[in-house]
Amino acid sequence: MRLFGIKILDNRLIQYLLLFYLVSFVLSTGSAMLSKLAGADNLTYGWMDMFFGYLVRYVAKFLFIFGAILLIRFLFLKKIIKSWMRWFLHAIFGIGLTFYSVISQLILNYWLYGFEINFDYKFIYVNALKGTDYNFFLYFSSVAIVYAYYFFQKQKDLQLKESNLKTQLLDAKINALQSQLQPHFLFNALNDISSLIDVSTIRSQDAIADLSEMLRLTLNIKDTKLIPLSQELMILQKYLDIEKMRFDEKLNYTIDVLPELEHRKVPPLVLQPIVENSIKHGFSYQHDLLTINIMIRTTGKFLHIIVNNNGPKLEMDKLVFGTGISNVISRLDTLYDGNFVFEIDNLKSYEKGVQTTINIPLN
């Protein structure tokens with residue numbers, strides 16, 4: 001509801017006020033009817049006169065209280081009055097309601113039944129005192145509904161703003177991490193391709209074509225927090241194709257993933273750094289044949305990713321994560337707020353071999 005271009009009350013709030021008045025009217029009228037049946041009150045009026053009288057009385061009270069709330073909110077929103085002055089004015093209107101009720105009842109009796117109007121101050125004062133408690137309750141209950149509504153509305157807006165800020169910060173952090181990771185991939189891939197140029201021009205040209213396709217795929221996910229697993233595997237496949245050209249028969253790999261899991265969402269560029277790390281630490285002068293096995297399954301409510309390689313064991317006490325792995329861990333922590341597993345450990349049942357395990361929520 002607007003007044004002079006200013007939104008004073010929400011439509012939903014007005015509905016709440018009307019519902020409160022309807023309940024008050026029904027309870028008050030029902031009480032009066034029970035009193036009449038018991039012979040305790042309202043013997044002068046007929047049933048219809050009594051009902052209509054209560055209806056008009058409550059409409060009059062509603063218009064008074066509603067008008068008072070509108071006026072005070074308008075003055076406050078226009079910054080004509082300060083916050084403390086609202087309660088002072090509400091107290092004045094709360095007291096005024098009792099006198100307004102008595103005077104409006106006198107006028108109503110004259111209009112409906114032809115009763116003589118007695119505007120004697122003492123009569124009005126005494127009858128006003130009789131109805132003060134109920135009128136105060138009616139007025140300040142209405143005011144309480146208004147302030148409670150806007151208090152909870154403000155809390156809801158603050159929570160929404162906080163949620164939006166968290167989402168914006170999350171997006172900014174994820175985008176920054178992914179932007180950091182893409183140059184890292186490009187730098188390493190170009191180094192790999194440069195080593196091919198002296199070996200085979202044709203293979204280096206094929207590697208450049210694969211790198212171009214890989215960059216196209218990664219650029220398409222610049223502002224995306226999650227992508228289908230099938231898309232992540234396409235990027236990994238392009239990277240492995242480049243590495244396969246470089247190492248030829250010295251590098252072998254398997255990718256074992258159930259087809260029904262390919263639509264599952266995963267963070268982009270999460271597998272490639274792990275495979276890159278396996279290649280980096282897996283090859284050595286003493287170990288020039290490397291096999292990498294990638295297996296993806298579901299366990300309970302988690303997507304279970306295991307990357308094994310048969311390279312030399314790591315010195316776990318000296319293990320330091322590079323840019324790629326650190327970036328993956330940071331993104332997982334940002335996305336899943338700690339609800340994930342990332343582990344790198346030596347395979348205990350073999351002389352050689354390292355296993356990387358990632359568990360992330362399915363949903």
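In nm, give the distance between the simple-model label positions of residue 206 and residue 224, each being 7 Å from the Cα along the Cα-to-Cβ direction.
Rounded to a tenth, the inter-label distance reads 2.8 nm.
Under the rule of at least 5 residues apart or a separate chain, name every residue whose amide H is placed under 5 Å from the amide H of residue 304.
Under 5 Å from the amide H of residue 304 lie the amide H atoms of 297, 298, 299, each far enough along the sequence or on another chain.
Tally the DSSP beta bridges in segment 270-363 and give the antiparallel ones as a percent, rounded to 5.
100
Work out how much length residue 161 to residue 74 would gain on full extension: take 0.36 nm times their residue separation and subtract the Cα-Cα distance, in nm to one decimal.
Stretched fully, the residue 161-residue 74 segment lengthens by 28.7 nm.
Counting other Cβ atoms within 10 Å, keep those with at most 15, restrict to DSSP loop, and tell me which chymotrypsin sites (Phe, Trp or Tyr not before Pro) in segment 264-345 are left. It would help to have the intermediate numbers written out before the result.
On the way: sites: 283, 285, 302, 321, 336, 340, 342; in loops: 283, 285, 321, 340.
When the chymotrypsin sites (Phe, Trp or Tyr not before Pro) of segment 264-345 are filtered for loop state and at most 15 Cβ neighbours within 10 Å, 285, 321 remain.
Once label points are set 7 Å from the Cα along Cα→Cβ at both residue 37 and residue 306, what is their separation, rounded to one decimal in nm?
Going from the residue 37 label point to the residue 306 one covers 7.6 nm.
Multiply the residue separation of residue 28 and residue 153 by 0.36 nm, subtract the distance between their alpha-carbon atoms, and state the gained length in nm to one decimal.
Computed gain between residue 28 and residue 153 is 42.0 nm.
Cα centroid distance between segment 185-237 and segment 138-161, in Å?
Between the Cα centres of segment 185-237 and segment 138-161 lies a distance of 56 Å.
Please list, in order along segment 238-251, the HN-Hα scalar couplings obtained from phi with the Karplus expression 6.51 cos²θ - 1.76 cosθ + 1.60 (θ = phi - 60°), rounded to whole Hz, x for Gly and Pro.
Couplings: 5, 5, 5, 4, 5, 5, 5, 5, 6, 9, 6, 6, 6, 10 Hz.
Please give the contour-minus-distance gain from residue 186 to residue 315: 0.36 nm per residue of separation, less the Cα-Cα distance, rounded to one decimal in nm. Walk me through the numbers before you get to the answer.
Working: separation 129, 0.36 × 129 = 46.44 nm, distance 2.81 nm.
Extra length from residue 186 to residue 315 when fully extended: 43.6 nm.
Rule-based calculations on the coordinates, nothing more; no lab input. Just so it is clear, the model here is predicted, and its values are computed rather than measured. FYI the Cβ positions are ideal-geometry reconstructions off the backbone, even for glycines, and counts take in every protein chain you see.
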